[in-house]
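Following: one structure in structure tokens, then a few remarks.
The values are calculated or read from the model by the stated rules, or taken from the named source; none is laboratory data. In this text, all values refer to a predicted model and were calculated from it rather than measured experimentally. Cβ atoms come from the backbone with ideal geometry, glycine included; neighbour counts cover every protein chain shown. The area values use the complete protein model at the heavy-atom level, side chains included, leaving out ligands, DNA and RNA. Shrake-Rupley method; radii C 1.70, N 1.55, O 1.52, S 1.80 Å.
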Amino acid sequence: MKLLRKLAWIILLTVAALSAMASVLSTSGYATQFREETSAAPSRQHWLGTDELGRDRFARLLYGTRISLGLAPVAALLATALAAAIGGGAGYLGGRWQRGMTVMIDLFLCLPWLFLLVIARAMLPLNVSPMVSVLVTFGLLGALGWAGPARVVAASVAALRDSECVLQARAVGTTEWRILLRHIFPRLLPILSAQFLILVPVFVLSEANLGMLGLGVAEPLPSWGSLLREMESLYGLTSAPWRLVPLGLLMLVVNSLQLVMGDEETSA
Amino acid sequence: MRTILLRNAMGFLTTVLLGGFLAATLVRLAPGFDVDESQLDPRLGVSSVEYLRQGRQAHRNIVAFYMRYWRKALHGDLGESQMYSRPVSELIRERAWTTVRIAGMGLAAAWVISLGLAIVVCKSRKRTVDVGTMFTAGTLLSVPAAAIGLLTVMVEGSAAIAIALIVSPRLYRYCRNLLACAYELPHILAARARGISETRILLFHALPSCGRSLLALGGVSVSIAIGAAIPVEALCNLSGIGQLAWQSALARDLPLLVTITILVTVTTLAANSCAEIVSEALHLPQS
């Protein structure tokens, strides 16, 4: 398994590096149209062919990977920070604060994740500039994804609150803020990092699902969701198999993330 | 038992009421809530536009809307869809069967596949089989639900198969881990050492040991199946509740959206409560 995890890290770093060098590796921009070459098959000039609007698929894949793979961790970071603040606060204060938070978490978790996302995303402006749509999509993932991790964090903080080191710190007159920052937070870091790594693949897939439903990143900006949307016009798996390359890359990245995540979970 | 029933009932009621209110608030606060495309129709006169505007004004006060909604709902009136101009109850009734059928069949297939595979893997105790099934589950988990729906359409498979493919890898991982833990329990190791048949060990020792967790997973799996139904129905063009939820969210149809949210909340909570009550009724041991 160690070898597989190393391989997963190599894949992730390679994909991240390739997407970071999108402007160098691709011969055209993600929105550049080759109007005389619409829906073209792969060629030396266009490695993955062109889409219905004549845009180079390889360039769109690189830029789309940069957006999805770059912003999913940011959204996961936001969700983890919210979980740390809400769950940590409720767990430390205990009593009715923790009970109130449990009701809130139950409310969030009783609705299927995709249902909650679809409803919340549709409530936000749909006809916006591509950049705003990116912020709205990933901001929403970050804002709604805190509930599950918050439950774990609250339980851990509640256990730490009554631990011997915290009781001793309190006995020598350490302030509550100092206890939180110097004694509890460092012990939460492994849990928070594991929760962060669990959320990254979840958010990558959620963005892809939202994009396929037309609620993700707006055109002409590419993302894995909007790239997978092209599959709708496929009439069979054999008619244009190169259109499945984004799906293949997504699967490879998510599988690698899951392998890396397994490693982190074990160490946490 | 009475305490559990009471606790479930209270939790159920609170969550349903809060869930509906949350959905209604979200729609009310959404940008462009006050705007109705039909108001821009040049064929409409001033009085008609004013009538439409007043119709929207009735939904402005969210608390008043929600109170009115529940008062009518208790009398069987779930309001009228703004998008379809038809009673919400009629729309739900028309489409519910499609979702119940495909989600039910998909869920049943997913349970057969995942529990069956987990039993085979844990009984055989072969590492290659274990790694192979975990890899397959991991691969399926890395495909977006919407893509599974589309791929199923391409190979002319049914929507129930798509839902089974989305739900089963999630269930399989839990089932396999639960059974693997159960097979490590001292009394099961002792039963094996005494030469008791594998079938007897499975039915009378392993499954009851993790029965409570499996039942809880059963409750959660309903929620996963409902979530899976949204992209599958939307992309496979099936007129079910999932497609209706997607369309109502896009059209910001307040009465329809609130009803669907309450319906989904009720279904998932009922499934979870049923799982807990059945566990208590069967006196299953704590996992």
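Values as computed for the structure displayed
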read-out: Signed unit charges on C-beta, dipole axis of the protein assembly as shown, positive-most listed residue A:Q258, B:P231, A:Q33; value: A:Q258
read-out: Theoretical FRET efficiency, 1/(1+(r/R0)^6), r = Cβ-Cβ of A:V74 and A:M131, R0 22 Å, to 0.05; value: 0.95
read-out: Dipole in debye (nearest 20) - the protein assembly as shown, about Cα centre, beta carbon charges: Lys, Arg +1; Asp, Glu -1; value: 1440 debye
read-out: Label point distance in nm, A:T238-A:E176, each placed 7 Å from Cα along Cα→Cβ; value: 6.9 nm
read-out: Near-label residues of the range B:238-266 by backbone N, under 15 Å of a point 7 Å along Cα→Cβ of B:N61; value: none
read-out: A:L48 - accessible surface, heavy atoms, 1.4 Å probe, Å² rounded to 10; value: 30 Å²
read-out: Taking only Cα atoms of the range A:92-131, radius of gyration then Dmax in Å; value: 15.3, 45
read-out: Relative contact order of chain A, pairs being alpha-carbon contacts under 8 Å that are 6 or more residues apart, as %; value: 25 percent
read-out: Scaled radius of gyration (Cα, divided by 2.2 N^0.38 Å) that chain B gives; value: 1.25
read-out: Relative contact order of the range A:124-268, pairs being alpha-carbon contacts under 8 Å that are 6 or more residues apart, as %; value: 27 percent
read-out: Kyte-Doolittle at least -1.0, axis length at least 18 Å by Cα - qualifying DSSP helices, chain B; value: B:2-29, B:88-124, B:127-141, B:159-183, B:211-235, B:254-281
read-out: Where Rh is the Kirkwood radius over Cα pairs, Rg/Rh for the protein assembly as shown; value: 0.98
read-out: Interface area, A with B, accessible, probe 1.4 Å, both sides summed, Å² nearest 100; value: 3300 Å²
read-out: Cα Rg, Dmax, the range B:180-246, angstrom units; value: 19.6, 57
read-out: Charge dipole (debye, nearest 20) of the range A:43-91; +1 at Cβ of Lys and Arg, -1 at Cβ of Asp and Glu; value: 160 debye
read-out: Most fluctuating residue given options A:T32, A:T102, A:T174, as computed from a GNM of chain A linking Cα atoms under 10 Å; value: A:T174
read-out: Those lysines that a straight Cα-Cα span of less than 22 Å connects to A:K2, excepting residues fewer than 8 apart in one chain; value: B:K126
read-out: GNM flexibility winner over chain A from A:G64, A:G173, A:G211 (Cα, springs under 10 Å); value: A:G173
